[in-house]
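The values are calculated or read from the model by the stated rules, or taken from the named source; none is laboratory data. If you're wondering where the values come from, they're calculated on a predicted model, not measured in any experiment. Cβ placement follows ideal geometry from the backbone for every residue including glycine, while neighbour counts extend to all protein chains displayed. To get the accessible areas, we keep the full protein, side chains included, count just its heavy atoms, and leave off ligands, DNA and RNA. Shrake-Rupley method; radii C 1.70, N 1.55, O 1.52, S 1.80 Å.
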Amino acid sequence: MSETLLTRFLRYVQIDTQSDETSTTSPSTPGQRVLLEMLKQELGEMGAADVKMTQHGYVMASIPGTTRKPNLPAIAFFAHVDTAPDCSGKGVKPIVHRNYDGSIVKFPDNPRLVLDPATSPELSAAKGKDVVTASGTTLLGSDDKAGVAVVMTLAEALLQNSKLKHGLVRLCFTPDEEIGRGVDKLDLEMLGAQAAYTLDGGPAGEVSWETFSGDAAEVTIEGVSTHPMEARAKGMVNAAYLAGKLLAALPRERCAPETTGGREGFIHPTRVDGRVEQALVKFILRDFELAGLAEKRRILQRLCQGLQATEPHARVQCRIRKQYRNMAYWLRKDMRPVELAREAFAAVGLQPYDHLVRGGTDGSRLTERGLPTPNLFCGEHNAHGLLEWVAVQDMELAVTACTKLVELWEQKGQRRSRARSV
Ligand SMILES: [Zn+2]
């Protein structure tokens, strides 16, 4: 299996699928559609059922159930085709380090760049595996083409093994996860699943079922513009200066991404544009708990009110909008999707462990919308940068684990009917 998995992965990463926040189309970039078309074609060729691409670019397919058990939930597997805007994904030249020997990895197109097991400890554990990196000028795109290759290989494995008992399995490939629009236009009724998994995680055994809750804020400051020579007489109010004052007043030492970890949330300015006349500061607010998130909204709003009070001739406005919510709020009510994943991992010899996501996933939005969707490992490391790498054998483990997982759903996942006898 590892060779077809690798070939598939190498094929996918060479397509430039970087998403673009400034685009209004779906998918946001044409390269994503190229890969989505390719997946659609390959799904048809391998014999998947109901293969379709929606007008917004979601590719869905079915692996029909092989069991007669009634009341089994349909289980969906998701992976996103886009790569992060933070780092170029154009002209990716994947390099396969067969039977990786544990030494420092060098990059042909960027002699100054090194991937060192001393600074990337997880690399030491990949000794003896087939490690794939990029060539030094782009990201690799294992986030999330490792997941795409895993889901495609899982589909093929299920289709080729009709003796394996499972219920209906749905597949869904999505665009624009990296710009936070991954599931905006997804029709959950069309998908028709009762539980799902995103394959978009790190080392083997990782299960993620807790994410941040996130809001976004935009503070606009309108100043009063005059010629500098008569600024005092005409009452100049410099919006750029006020934006700086706002930033300086943030509780950065205990509430910024670079000063927090674990379960601590933060207020993070992501962009500043400022002139005398007007300034704009964009923020993201994050916390695992809704109460903590509300506190961060209050902190920002109070700072804005304070700024307004000290400078009545300016106009300070703070607009906050909801982005996503911690999936744990819903998953805690029914932990079966998480428990069965852990059980499947253990059954194939992996040590399952929970990973707290200091961010959001497509699963955060899907879970809130009613489709419980934890995230599972697929071997990604150092995502969004030049040092990204993945081991083929970790992707293979993800396929094996997910195969076990659909079997477990067949054995234990029957929907509980209210009349169930004790
Ligand atoms: Zn991802």
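Points to keep in mind about this one:
- Gyration tensor (alpha-carbon) shape descriptor, the range 159-228, a/c threshold 1.5: prolate
- A convex hull fitted to the Cα coordinates of the range 1-122 yields 186 cubic angstrom per residue.
- Cα centroid separation, the range 313-344 to the range 239-285 (Å): 22
- Ordering Q308, Y241, F78 by Cα displacement along the dipole of the chain toward the positive end leaves Q308 in first place; charges were set at the Cβ atoms of Lys, Arg (+1) and Asp, Glu (-1).
- Order of exposure, largest accessible area first, which applies to T119, T361 with probe 1.4 Å: T119, T361
- Assuming charge only on the beta carbon of Lys and Arg (+1) and of Asp and Glu (-1), the dipole of the chain about its Cα centre is about 1220 debye to the nearest 20.
- Accessible area in the full protein assembly, largest first, 1.4 Å probe, for I95, I104: I104, I95
- Positive-end residue, the range 332-408 charge dipole about Cα centroid, Cβ charges, pick of G370, P352, V390: G370
- Loop trypsin sites (Lys or Arg not before Pro), the range 328-422 (other Cβ atoms within 10 Å of the site Cβ: 13 or fewer; DSSP): R332, K333, R369, R415, R416, R418, R420
- Greater than 26 Å apart at Cα, pairs in K93/K129; K40/K106; K90/K296: K40/K106; K90/K296
- Inter-label distance for M335 and Y353, nm, one decimal - labels placed 7 Å from Cα along Cα-to-Cβ: 1.9
- Local electrostatic count at P352 - Lys and Arg +1, Asp and Glu -1, tallied over other residues with Cβ under 9 Å: -2
- Rounded to 5, percent antiparallel among DSSP beta bridges of the chain: 70
- E218/A118 FRET efficiency (R0 51 Å; Cβ-Cβ; nearest 0.05): 0.75
- Dipole in debye (nearest 20) - the range 244-304, about Cα centre, beta carbon charges: Lys, Arg +1; Asp, Glu -1: 140
- Sparsely packed loop sites in the range 246-310 (the trypsin sites (Lys or Arg not before Pro) outside DSSP H, G, I, E and B with at most 15 other Cβ atoms within 10 Å) comprise R263, R275.
- Against the compact-protein benchmark of 2.2 N^0.38 Å, the Cα-based radius of gyration of the range 29-71 scales to 1.42.
- Candidate cross-link partners of K69 among the lysines, defined by an alpha-carbon separation under 22 Å and a same-chain spacing of 8 or more, comprise K163, K165, K404, K412.
- Cβ distances below 4.7 Å define possible disulfide partners, and in the chain the cysteines left without one are C87, C172, C255, C378, C402.
- The range 1-64 shape via C-alpha gyration tensor axes, a/c threshold 1.5: oblate
- The residues of the range 348-422 present an accessible area of 43 Å² per residue when probed at 1.4 Å with all protein chains retained.
- If only the Cβ of Lys and Arg carry +1 and only the Cβ of Asp and Glu carry -1, the dipole of the range 99-141 around its Cα centre is close to 40 debye.
- Within the chain, the selection of entire DSSP H helices by a Cα span of 18 Å or greater along the long axis and an average Kyte-Doolittle value of at least 0.5 returns 142-160.
- In the range 35-75, trypsin sites (Lys or Arg not before Pro) in a DSSP loop with at most 12 other beta-carbon atoms within 10 Å: R68
- Convex hull projection area averaged over all views, the chain, Cα basis, nm²: 24.3
- Highest-MSF residue in the chain out of V272, V150, V348 [GNM, Cα springs under 10 Å]: V272
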